[in-house]
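Worksheet: one structure, shown below.
Please treat every number below as a calculation from the coordinates, not as lab data. Since this is a predicted model, take the numbers as computed values, not measurements. Cβ: placed from backbone, ideal geometry, glycine included. Neighbour counts: every protein chain shown.
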There are 2 protein chains.
Amino acid sequence: MRKLENSELDRLNVDEFKQVEKTPICIVLDNVRSLNNIGSVFRTADAFLIEKIYLCGITATPPHKDIHKTALGATDSVAWEYRENTLELLEELKHVGYISLSVEQAENAVMLNDFEVDNNDKYALIFGNEVKGVSQDVVSNSDGVLEIPQYGTKHSLNISVSVGIVVWDLWAKLKG
Amino acid sequence: MRKLENSELDRLNVDEFKQVEKTPICIVLDNVRSLNNIGSVFRTADAFLIEKIYLCGITATPPHKDIHKTALGATDSVAWEYRENTLELLEELKHVGYISLSVEQAENAVMLNDFEVDNNDKYALIFGNEVKGVSQDVVSNSDGVLEIPQYGTKHSLNISVSVGIVVWDLWAKLKG
């Protein structure tokens, strides 16, 4: 089981990335504070060919050295846009056919493992602030809430980990 | 879709966590450098009731303020142990019935989405250094290699994100 060299992985270059068909998912970061988390989300979005990342509210934008530390160049490949107002973005995305899903712990949330995808749909996944989560008004105006079931002592997962889990889960279901 | 208060989440306390039946998975960190990543792995392990984390080689151990920043107390709930030598640990874990799976990009790797779990098995998941990955000798002595398929420009995901994705995937399959 010889490990592969980076050169054997046959990854895309940035131009090829821009051209290739994307996974019908965009990621909305609602007031995410940590630059480390933002960079890591770019790297995950690159791996799974996510359409676009929307950086909303206080969420910082590239270029920034602390985003670069974890994004490692994925800010060059993945499309992104800054929006001041998450609610306005949500309305726009719904208008162009995205199903908006806040990732939160809320009444009537669907557990991620129970969530079924439809290959005709496209999804906007919303992740919130490290302490406050997704704003209540954004949750209330989403088409649904996805919850990552958690069984331990802590209340929530790290945001970049949550993005990885939800994007992987939907990607695998869309592909499977 | 009212957001739930932390008090409504009905999480375990540390004593309850120690008693509750665990997911038959342990995590092995082979020479992980980033304290931020180590802490985040503890938090993920707490959420999915992982049996134990083995911190190997240069991987730092709690208590450490930079581990605490991302673990946020999960070092009190999740069992852990330091081991100098990952290969020796691997032999021990195999001896007590764990199936050892290195998470890497290697020849004959099984793609994570194709991997099927067996509810009679227990798994040791091995994650490696941020730059070098899992050591070749550890990969060579594993029972198998799991690869997270990636389609973008970058060669790998952040380690704490990889741990989240693989643990979630196996947890959901074991439960499903």
Inter-copy distances for B:SER7, nm, shortest first, label points 7 Å along Cα→Cβ, are 6.2
Using alpha carbon centers only, the range B:106-160 is separated from the range B:16-69 by a whole-angstrom value of 17 Å
Among beta bridges assigned by DSSP with both residues in the protein assembly as shown, the antiparallel ones amount in percent, to the nearest 5, to 5 percent
If R0 = 45 Å, then B:LEU9 and B:ILE58, at their Cβ-Cβ distance, give a FRET efficiency to the nearest 0.05 of 0.80
Plugging the Cβ-Cβ distance of A:GLU130 and A:GLU91 into 1/(1 + (r/R0)^6) at R0 = 35 Å yields, to the nearest 0.05, a FRET efficiency of 0.90
The chain B residue whose Cβ lies closest to the rotation axis carrying chain B onto chain A, with that distance rounded to whole Å, is B:GLY164, 2
With a Förster distance of 30 angstrom and the Cβ-Cβ distance between A:GLU107 and A:GLN19, calculated FRET efficiency to the nearest 0.05 equals 0.10
Averaged over the residues of A:11-17, the number of partner chain Cβ atoms within 10 Å of each residue's own Cβ comes to 3
Averaged over the residues of A:165-173, the number of partner chain Cβ atoms within 10 Å of each residue's own Cβ comes to 5
Bridge orientation stat for the range A:94-176 from DSSP, antiparallel percent rounded to 5, came to 10 percent
One decimal, nm, nearest first: from A:MET111 to the same residue in each other copy, label points 7 Å out along Cα→Cβ, the values are 2.8
Row for the range A:81-176, column shape: gyration tensor on C-alpha, a ≥ b ≥ c, rounded if a/c < 1.5 i.e. under 1.5, prolate if a/b over b/c, else oblate; value oblate
at A:TYR82 the sorted inter-copy label distances (label 7 Å from Cα on Cβ side), in nanometres, are 4.4
Gyration tensor (Cα only) of the protein assembly as shown to equivalent ellipsoid, semi-axes in Å sorted down, yields 31, 24, 19
Whole-percent tail of the Cα-Cα distance distribution for the range A:1-145, cut at 27 Å, equals 24 percent
Per the helix-only model, chain A has a calculated mean residue ellipticity at 222 nm (DSSP H runs of ≥4, -39500 (n - 2.57) each, divided over all residues, rounded to the nearest 500) of -10000 deg cm²/dmol
Mean other chain Cβ within 10 Å across A:36-49 is 5
In degrees, nearest 10, the alpha-carbon axis of helix A:35-47 is tilted away from the dominant principal axis of the alpha carbons of chain A by 70 degrees
